[in-house]
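Derivation of every value follows stated rules applied to the coordinates shown; laboratory data play no part. These figures come from a predicted structure and were not determined experimentally. FYI the Cβ positions are ideal-geometry reconstructions off the backbone, even for glycines, and counts take in every protein chain you see.
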Amino acid sequence: MPSVYLAGLPAFLAYFGSTVGLLVLFSLIYTRLTPHHEFALIKANKSAAAVAFGGSLLGFVLPLVAAISNSVSLLDCVLWGAIALVVQMVTFFALRLFIRDLPARISNNEMASGVFVAFASVAVGALNAASMTW
């Protein structure tokens, strides 16, 4: 009988592992493409960097949730996850059009900039996720 309860375990592990891998990939790419150094700033107790990066992570994870829920296969989920990754990268660079010195402001621990990035990232992530529910 326990095998019936665990029948979905391989699919769970595949989806969970793949999306955690995408999250790690997103973190690596995001921290390489942004001019400021998130992990160094966070280690230096710069809250604006932590808020901005945390919001970007959440903005990326929201579409992953939708991709897991709506995908027809693991490959489909990973492809939609890759699209979500690109959307979040574009979001950060689009935000720099509104606040040209955004990376410097985050590096200087200006919370308004960090909060703005976080909320904009979550807002775009929510729209991205909703768009995946076809």
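Computed over neighbours whose Cβ is under 13 Å from that of residue 52, the net charge equals +1, Lys and Arg +1, Asp and Glu -1. For residue 132, no residue has an amide H sitting under 5 Å from its own, ignoring neighbours fewer than 5 places away on the same chain, with H placed 1.01 Å from N. In order along the range 25-34, the phi-based Karplus estimate (6.51 cos²θ - 1.76 cosθ + 1.60, θ = phi - 60°) of 3J(HN,Hα) comes to 4, 4, 4, 5, 5, 4, 6, 7, 7, 7 Hz; Gly and Pro are listed as x. Taking 0.36 nm per residue of separation and subtracting the Cα-Cα distance, full extension of the segment from residue 99 to residue 111 would add 3.0 nm.
Computed from backbone phi with θ = phi - 60° and the Karplus coefficients 6.51, -1.76 and 1.60, the 3J(HN,Hα) list for the range 97-109 is 6, 7, 10, 4, 9, 4, x, 5, 5, 5, 4, 7, 6 Hz; x is used for glycine and proline. Taking θ as phi - 60° and the Karplus parameters 6.51, -1.76 and 1.60, the scalar couplings of the range 63-68 work out to x, 5, 4, 5, 5, 5 Hz in sequence order, x denoting glycine and proline. The computed Rg/Rh (Cα atoms, Kirkwood Rh) for the structure shown corresponds, within (i) 1.07; (ii) 0.93; (iii) 1.10, to (i). In the range 2-131, a dipole from Cβ-located charges (positive for Lys and Arg, negative for Asp and Glu) runs towards its positive end, and of 97, 26, 79 it is 97 whose Cα lies farthest in that direction. Relative to the longest principal Cα axis of the chain, at what angle does helix 111-131 sit, 0 to 90 degrees, rounded to 10? In the chain, helix 111-131 runs at an angle near 30 degrees to the longest axis. When only the Cβ of Lys, Arg, Asp and Glu is charged (+1, +1, -1, -1), the dipole of the chain relative to its Cα centre reaches about 280 debye.
Be a star and scan the range 83-118 for residues whose amide nitrogen sits under 16 Å from the point 7 Å along the Cα-to-Cβ vector of residue 44. From the range 83-118, the list is 102-111, 114.
Summing Lys and Arg as +1 and Asp and Glu as -1 over all other residues whose Cβ lies under 14 Å from the Cβ of residue 109 gives a net charge of 0.
Placing a label point 7 Å from the Cα of residue 27 along the Cα-to-Cβ line, the residues of the range 49-82 whose backbone N sits under 18 Å from it are 49-65, 82. Among 48-56, 5-13, 86-94, the peptide with the highest mean count of other Cβ atoms within 10 Å heads the list, and the full ranking is 48-56, 86-94, 5-13.
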